[in-house]
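Let me begin by presenting the structure, written as structure tokens, before commenting on it.
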Amino acid sequence: MKIIIRLLAVLHGAVALSFAAAGVLLIGAAAHHLWSAVGTGIGDPAASLAVIEAIGLLAIALVALEITQTVVEEEIVRAANISAPTRVRRYISRFLAVVVVALSVEALVATFAAQHENPAGLPHAASIGFAAAALLAGWGVFIWLNRAAEDIEPDAMLKAKGEDAKVE
């Protein structure tokens, strides 16, 4: 069983490394967009769209890097048992916080891009915003419902907090 657990840690590491590489590449792509915006001149409408696109890429890069950090901390450093209600809530909350922020930024980027390029794309941008709002509301309901499980198992919260010292 120890071999399987070590193999899973290696696989988690490979996935985390892949997410980190994707995040770095997205940051590079955003930098390229920003550089092209500077090259075309700030007053050019194409420059504004390049900056908006760079912001969207950076939001996605943030998600990739946050997933990297979460996987490394939760699965490799802590080797946490994800079956405990407290651990599940914390794990999901870390991930969803970044996803909701990234979707919100993407909704703004899509709104600005649609406003300048194609107003017919505004419903698409609105749907991204509604998806972010629905995800945020669902996350709030999940936390509210999960709170009772934490009250039943107060030792699990203390154990989860004790595991935080491994990553500080």
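Listing for the model above:
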quantity	calculated
Residue 76-residue 126 FRET efficiency (beta carbon distance; Förster radius 45 Å; 0.05 resolution)	0.70
Gain upon complete extension [residue 97, residue 25; 0.36 nm per residue less C-alpha separation]	23.7 nm
Alpha carbon Rg of region 2-167, scaled by the compact-globule rule 2.2 N^0.38 Å	1.29
Residue order, fewest to most surrounding Cβ atoms within 10 angstrom, among 139, 144, 35	144, 35, 139
Inter-probe distance in nm under a simple model that places probes 7 Å from Cα toward Cβ, at residue 18 and residue 48	4.0 nm
Unit charges on C-beta of K, R, D, E only; dipole of the chain, Debye	480 debye
Segment residue 152-residue 38, extension gain: residue separation times 0.36 nm, minus the distance between their alpha carbons	35.4 nm
Ranked list, fewest to most other Cβ atoms within 10 Å of each Cβ, for 143, 27	143, 27
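Read-outs: derived from the displayed coordinates by stated rules, not from any lab. Predicted, not measured: the structure shown is a model, and the values here were computed from it. Neighbour counts are summed over all protein chains in view; Cβ atoms, including those assigned to glycine, are modelled from backbone coordinates with ideal geometry.
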